[in-house]
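No lab work stands behind these numbers, since they all come straight from the coordinates. As the structure is a computational prediction, the values presented were derived from the model and not from experiment. Neighbour counts are summed over all protein chains in view; Cβ atoms, including those assigned to glycine, are modelled from backbone coordinates with ideal geometry.
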Amino acid sequence: MVVAEVRVELKKGVADPEGKNTLKALELLGFEGVEDVKTVKVFEIEMVGNAGDAQAKVQEMCEKLLANPVIHNFSVKLK
């Protein structure tokens, strides 16, 4: 079994309202020194097969569903 960890994050310059709202909430709760908060989605995908096949399949999953190439960057790490 192969486990793939996929990180999907917004590209630089794309607005992150969830991150900004979290930053505001942290400030309201009294946390000081936090300069920025960015949201990142992490998917853990368990697959049967070998690492080479898994890498290609997960890459395709990202391109077709998990990430929007216009606004997201993604990375794949096999465990």
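Specify the residue that is farthest from VAL3 (Cα to Cα); the eligible residues are those in the range 20-71 that are part of a helix (DSSP H, G or I) and either among the acidic types (Asp, Glu) or touching a helix residue (DSSP H, G or I) at 6+ places or on another chain (Cβ under 9 Å) (or both). So, considering only residues that are part of a helix (DSSP H, G or I) and either among the acidic types (Asp, Glu) or touching a helix residue (DSSP H, G or I) at 6+ places or on another chain (Cβ under 9 Å) (or both), the one farthest from VAL3 (Cα to Cα) is GLU27. Taking the criterion of being surrounded by 11 or more Cβ atoms within 10 Å (Cβ to Cβ) and not aromatic (Phe, Trp, Tyr), the residues of the range 61-74 that qualify are MET61, CYS62, GLU63, LEU66, ALA67, ASN68, ILE71, HIS72, ASN73. Residues that are out of contact with any Asp or Glu (no Cβ under 8 Å at 6 or more places or on another chain), touching a residue at least 40 places away in the same chain (Cβ under 8 Å) and among the acidic types (Asp, Glu) within the range 25-52 comprise just one, GLU46. Restricted to the range 4-22, and to residues there that are of a type in the set (D, E, K, R) and without any contact (Cβ under 8 Å) to a residue 24 or more places away in the chain, the residue that is surrounded by the most Cβ atoms within 10 Å (Cβ to Cβ) is ASP16. Selection over the range 28-60 of residues that are more than 16 Å from the chain's Cα centre (by Cα) and surrounded by 13 or more Cβ atoms within 10 Å (Cβ to Cβ) gives a count of 4.
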